[in-house]
Amino acid sequence: MRRVAGQDQVAAQKRRVVALDLPGHGLSEMPREKITIPGYGGTVNELADRLELGQIDLVGNSMGGFVAAEVARESPERVNRLVLVSAAGITSADLKRSPGPAVLRAGGALATYAAARFRQIAARPITRHIALALVARHPSLLAPDLVYEGLMKGTGKPGFTDALRATLDYDFRDRLDDIRSPTLIVWGHDDAVIPARDAGEYERLIPNSRKVVLDDTGHIPMVERPVAFNDCVGEFLEGEAVGQPTPGSGSEEEPAAA
């Protein structure tokens, strides 16, 4: 049975799922060295070696997708199949000269300030909507416990600003054709963090890749549309063909609700 390293519980009954907190995030300490995307890729490889995972199917969302793509590019023998979910690495390479980074840094400071109140924020539909309007299409419909444990509890960590800077400083677009793993690109049509057009650019630059764009969905498809997400990723990891959903197919499933 193939082992899986990733952020999402995909076909958990059939597969081993390993989720990690990158250095400076979650419960992981800040690294001694400077945070970089290649450095984070090395962390993923080192963890896979220590756990004796061998070849893996790798799933990453947002910056995690950026790191996953770097692992697949730099260590093609490591990655059997690659899933990029609203991944940074395309538009982010052009953002350093825009006001966007300043806005995101301010958001990180705000997240740190608000961390002590996250449980109360998650409990109320109105405050959930205000706090997560940028990342989810319908935040008020997400389950409070899911919002707190999965989206808020790990924010405001010391590695945020350095990781953001690393995301903006690294540009691998001219080397994405080094990726040899079959690649599934999953995006929310209404992603307000990373535009859905980046899915098409990833698909253009990575050989043997295909995209799936979910309607009425934001930056976290695995949370907002768990059934549709797990279905298409599960089919892909099993080697089945995954096509473009028909218009409206992403909005037929209700968001994960309380």
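Derivation of every value follows stated rules applied to the coordinates shown; laboratory data play no part. Not measured: the values here are computed from a predicted model. Positions of Cβ are generated from backbone atoms using ideal geometry, with glycine treated the same way; all protein chains shown enter the neighbour counts.
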How charged is the neighbourhood of GLU201? Take every other residue with its Cβ under 13 Å from the Cβ of GLU201, and add Lys/Arg as +1 and Asp/Glu as -1.
-2
How fast does the stretch 11-81 diffuse by Stokes-Einstein, in µm²/s, taking the Kirkwood radius from C-alpha pairs at 20 °C and 1.002 mPa s?
169
Can you give me the Cα centroid spacing of the stretch 16-36 and the stretch 156-205 in angstrom?
18
What ranking do 169-179, 34-44 get when scored by the average of other Cβ atoms within 10 Å per residue, highest first?
34-44, 169-179
What ranking do 197-205, 160-168 get when scored by the average of other Cβ atoms within 10 Å per residue, highest first?
160-168, 197-205
Partner aspartates and glutamates for LYS14 [C-alpha distance under 16 Å; skip if fewer than 8 residues away on the same chain]:
ASP57, ASP231, GLU235, GLU238, GLU240
Each label point is 7 Å from the Cα along the Cα-to-Cβ direction; what then is the distance between the points at ASP21 and GLU235, in nm?
3.6
With θ set to phi - 60°, apply the Karplus curve 6.51 cos²θ - 1.76 cosθ + 1.60 along the stretch 198-215 and write out the HN-Hα couplings as whole Hz, x wherever there is a Gly or Pro.
5, 4, x, 5, 4, 4, 5, 8, 9, x, 6, 10, 8, 10, 10, 10, 8, 5
